[in-house]
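Here, each number is a calculation from the coordinates, and none is a lab measurement. Just so you know, these numbers come straight off a predicted model, no measurement behind them. Virtual Cβ from ideal backbone geometry, glycine too; neighbours counted across all protein chains shown.
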Amino acid sequence: MANVTIRNVPEELHAALKERARRNRRSLNEEVLALLESACQAPPGPADELAGAIDAARERWRDSAREQELPTSDEVAGWIRSGRA
C-alpha cells in the first residue's frame, strides 16, 4: 500500500480533522482516508459539467467548420502568425 505525506497543514485544519476523527471514532489517518475516498467518489461537480459542455461546443464548431469548409483554428492561427512576421 502506498504512503502519502502532507506537509504544512494549517493548525486550524489539523485541529478540525482531529475533532472530526474523534467524533467518528477513527484515527486521524482513518479519517483522512475516509475523506479522500469520499472526495474521489463524488459525482461530477459544476466545473466538470462546464468542461464537458465546452468540449461538446468545440466539437460542434469543428463539425460545422468541416461541413461549411470554414478554416480550422490551426489555419486561422497560421494566418495570424504570418501577419505578425
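How much net charge surrounds ALA34 when only other residues with a Cβ under 13 Å from its Cβ are counted (Lys, Arg +1; Asp, Glu -1)?
Local net charge: +1.
Near GLU11: Cβ cut-off under 14 Å, other residues only, Lys/Arg at +1 and Asp/Glu at -1. The net charge is 0.
Given only helices, namely DSSP H runs of n ≥ 4 each adding -39500 (n - 2.57), what is the per-residue ellipticity at 222 nm of the chain, to the nearest 500 deg cm²/dmol?
Rounded to the nearest 500, the figure is -24000 deg cm²/dmol.
Remark: the ALA42-ASP63 segment gains 4.3 nm on full extension, using 0.36 nm per residue and subtracting the alpha carbon distance.
Of all the options GLU37, GLU69, GLU49, the one that moves most in a Gaussian network model of the chain with Cα springs shorter than 10 angstrom is GLU69. Each residue of segment 29-38 was assigned a 3J(HN,Hα) from its phi angle through the Karplus curve 6.51 cos²θ - 1.76 cosθ + 1.60 (θ = phi - 60°); the sequence is 4, 4, 5, 5, 4, 4, 5, 5, 4, 4 Hz, with glycine and proline shown as x.
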